[in-house]
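No value in this document is a laboratory result; all are computed from the given coordinates. Computed from a predicted model, the values in this text were never measured in an experiment. Here the Cβ positions follow ideal geometry from the backbone for every residue, glycine too, while neighbour counts run over all protein chains shown.
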Amino acid sequence: MKILFAGGGTGGHINPALSIADYFKKHESNFEALFIGTRRGLETRLVPAAGYDIEYIDIRGFDRRNLLKNIEVIKKLGESRKRCCEIIKEFAPDAVVCTGGYVSGPVIMAAHKLGIPSMIHEQNVYPGLTVKGSVNYVNCIAVSFPETEKYIKKHSKCVLTGNPVREEILNADKQESRKKLGLSDKPFVLVFGGSLGAQKINDNMVKILPKLISDGKLQ
């Protein structure tokens, strides 16, 4: 089985794709994977480190503040779609799996043009522009939350899958992990956020942190 993966920019797009690839690798003896990304995202480091091959395309996201810049974006979209068609013809995948980010756009369009089955996964409750725009091109839209379906025009294409998580996280030894992080047996609270919500979460945590740890019961 050969799967072409696309998803890039942030770890939130790349790690789910790697999780899916690792699952196939474990359960399919003849599995082959190829990733498509850009040279500006974290995929340049994360994908090779995970042992997978990657091809690069030159694509950028739409600029909602400066509409004139989008003329160049549309030009790059056409060029990237053409390059994706070349990659797909050469790799000959059985299916295409995308996990969001603007790099997924031309890949999905190319797969649709060549008749290759494809799906895209949305990690957030509110779908991004690429996921919304992929409705007419993909066979399936995998969502992490049931609420996401109301933001997708073609509900019939939505499948509730949850968010792919790397196996090393699921199978990590709790006590060994606490020891590695230098934690005691006291309750440990991890606060984190991603994308546009990270700044607000971090700012509020800085304000309430002294109160949370004042009695020494939490780490």
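Against the longest principal axis of the chain, how steep is helix 70-91, in degrees 0 to 90 to the nearest 10, with axes from Cα atoms?
It works out to around 80 degrees.
Kindly express, to the nearest 10 degrees and within the range 0 to 90, the angle between helix 11-27's C-alpha long axis and the longest C-alpha principal axis of the chain.
Orientation of helix 11-27: about 80 degrees from the principal axis.
Mind giving me the nanometre distance, one decimal, between the label points for Lys150 and Ser177, set 7 Å out from Cα along Cα→Cβ?
It works out to 3.3 nm between the two label points.
Kindly rank 161-173, 96-108 from highest to lowest mean number of other beta carbons found within 10 Å of each residue.
Working: 161-173: 11.9, 96-108: 27.5.
Order by mean packing, descending: 96-108, 161-173.
Excluding Ser118 itself, calculate the net charge of residues whose Cβ lies under 12 Å from the Cβ of Ser118, where each Lys or Arg counts +1 and each Asp or Glu counts -1.
Spelling it out: positives minus negatives among the neighbours equals +1.
Just going by the charge dipole of the chain, with Lys and Arg at +1 and Asp and Glu at -1 on Cβ, which of Asn139, His27, Val125 is farthest out on the positive end?
Val125
Ranked from highest to lowest mean number of other Cβ atoms within 10 Å per residue, what is the order of the peptides 82-94, 2-14?
So the order, starting with the most tightly packed, is 2-14, 82-94.
Of Lys186/Lys211; Lys113/Lys157; Lys179/Lys217; Lys76/Lys153, which ones are farther than 21 Å apart at the Cα?
Too far apart for the 21 Å limit: Lys76/Lys153.
Please compute the contact order of the chain in relative form: average sequence separation of alpha-carbon pairs under 8 Å and at least six residues apart, divided by the residue count, as a percent.
17 percent
Could you tell me which label, among [x] 8, 33, 35, 20, 5, 0; [y] 7, 29, 33, 19, 10, 3, 0; [z] 8, 35, 40, 16, 1, carries the value of P(r) over Cα pairs in 10 Å bins from 0, in percent calculated for this structure?
[y]
Taking amide H atoms as placed 1.01 Å from N in the peptide plane, list the residues 5 or more away in sequence, or in a different chain, whose amide H sits under 5 Å from that of His121.
Amide H neighbours of His121, under 5 Å, 5+ apart: Cys98, Thr99, Gly100, Ala142.
Modelling each spin label as a point 7 Å along the Cα-to-Cβ direction, I'd like the Glu90/Ile74 distance in nm, to one decimal.
2.9 nm
For the pair Lys26 and Lys200, what calculated FRET efficiency results from E = 1/(1 + (r/R0)^6), where r is the Cβ-Cβ distance and R0 = 41 Å, to the nearest 0.05? Don't jump to the answer; show the numbers that get you there.
Values: r = 38 Å, r/R0 = 0.92.
My answer for the efficiency is 0.65.
Taking the Cβ-Cβ separation of Asn163 and Ser184 as r and a Förster radius of 41 Å, what is the calculated FRET efficiency to the nearest 0.05?
0.85
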